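Right, one structure below, let's go through it.
The values are calculated or read from the model by the stated rules, or taken from the named source; none is laboratory data. These numbers come from a predicted model, not from an experiment. No Cβ is skipped: glycine too gets one built from the backbone with ideal geometry, and neighbour counts run over all protein chains shown. These area figures cover heavy atoms from the full protein model, side chains too; ligands, DNA and RNA do not enter into them. Shrake-Rupley method; radii C 1.70, N 1.55, O 1.52, S 1.80 Å.
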Amino acid sequence: MISKVSIEAEVKNGLTQLKSAFFNTPFKVVDIREDKKNPLLELILMSSSPGVLDEDELYFDFTLHENSQMEFTTQSFQRLFTMEKSAFQETNVTLKTNSFLCYLPHPCVPHKGSSFKSSNTIYLEKNASVLWGEIFTCGRKLKEEVFEFKQFQPLTKIYQENRLVFFENLYLKPSESNPVNLGQYEGFTHQLSVVFLNESCDVKNLKKQLDTYLEDKNCVFGISETPTNGLVVKILHDKAEKLLSWMREMTKIIKQNEF
């Protein structure tokens, strides 16, 4: 199945609103903003499908116009089912001047025998900012499917004013290299990755706040400043729900520094 979601947002009367929205089976995009005076547009992606199936192709396109603000979340975990071949997902994001996107999907769960590649490309114009979160799990751990997928490869590229400032290519193929080995997950099974880029934020102060928040958590984490004004947070743990909760709490801290 080929599925597409296209979102375009703009500011009207001080509030970010949908300018256009397209989605086809199995997706539906819903506005969940409760406070109608909140300038931040809050959208959730709903799906009638149990997950990603063999040879599925998923395409997402987001365009945020000048000064617009949007948070995009998902309804449930993204399950990658057993496949004979592979599935693919492509996401393209364009953030115009002074716009902000907060992308917080649920964890990805690759089932035994699944094969999945994804490509995320984000373009930031002047003073645009992005908070991009992703959670990867080893598979259905309670069913003892730990790193039994065929391949998992997400690629993320972020450009600021047409200059590549962030590049990450995670390549996991358990048949070639055991992900729990030294120098990789080292016994852990889940990973949270958060990238935040903002030209005006005090990232050193933000880093201290995030360090303080995470230091008493039972996890392994690292926070690095990017070559441009931003941070990358990586956390290793064994529970997807914990990582999801921490990602949301860190998002609140980041937003306090963003707005």
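Taking every protein chain into account, the accessible area of the range 71-137 amounts to 33 square angstrom per residue (probe 1.4 Å).
Dipole of the chain (Lys/Arg Cβ +1, Asp/Glu Cβ -1, origin at the Cα centre): which of 23, 39, 183 lies farthest to the positive side? Positive-end residue among those listed: 39.
Calculated FRET efficiency, residue 234 and residue 12, Cβ-Cβ r, R0 30 Å, to nearest 0.05? Once the sixth-power term is evaluated, E becomes 0.20. Each residue was assigned an accessible area with a 1.4 Å probe, and for residue 234 the value is about 60 Å². Classification of the chain by its C-alpha gyration tensor yields an oblate form. The axis ratio a/c (a ≥ b ≥ c) is 1.5 or more, and b/c is at least a/b. Here the range 161-238 is treated with +1 on each Lys and Arg Cβ and -1 on each Asp and Glu Cβ, and its dipole about the Cα centre works out to around 40 debye. In order along the range 96-113, phi translates into HN-Hα couplings of 6, 3, 6, 8, 9, 10, 10, 10, 10, x, 5, x, 9, 10, x, 6, 4, x Hz, rounded to whole numbers, per the Karplus curve 6.51 cos²θ - 1.76 cosθ + 1.60 with θ = phi - 60° and x for Gly and Pro. Each label point was placed 7 Å from the Cα along the Cα-to-Cβ direction; for residue 48 and residue 217 their separation is 3.6 nm. Take the Cα of residue 184, step 7 Å toward its Cβ, do the same at residue 159, and the gap between the two points is 3.2 nm. Every helix of 4 or more DSSP H residues in the chain counts as -39500 (n - 2.57), and over all residues that averages to -4000 deg cm²/dmol at 222 nm. About its Cα centre, the range 1-148 has a charge dipole of approximately 240 debye under the convention of +1 per Lys or Arg Cβ and -1 per Asp or Glu Cβ, with nothing else charged. Placing unit charges on each Cβ (+1 for Lys and Arg, -1 for Asp and Glu) gives the range 130-259 a dipole about its Cα centre, and among 203, 243, 166 the Cα reaching farthest toward its positive end belongs to 243.
Look at the alpha carbon pairs under 8 Å that are at least 6 residues apart: their mean separation over the length of the range 44-128 gives a relative contact order of 35 percent.
For the range 140-258, relative contact order (Cα pairs under 8 Å, six or more residues apart, normalised by length) works out to 22 percent. By a 1.4 Å probe calculation restricted to protein chains, residue 155 has an accessible surface near 40 Å², given to the nearest 10. Accessible surface of the range 115-259, 1.4 Å probe: 47 percent of it comes from carbon and sulfur atoms. Relative to the Cα centre, the charge distribution of the chain, modelled as +1 at Lys and Arg Cβ and -1 at Asp and Glu Cβ, gives a dipole magnitude of about 200 debye. Pairs of Cα atoms under 8 Å, at least six residues apart: use those to get the relative contact order of the chain, whole percent. Value for the chain: 13 percent.
Accessible surface computed residue by residue for the range 147-259, with neighbouring protein chains in place and a 1.4 Å probe, gives 51 Å² per residue.
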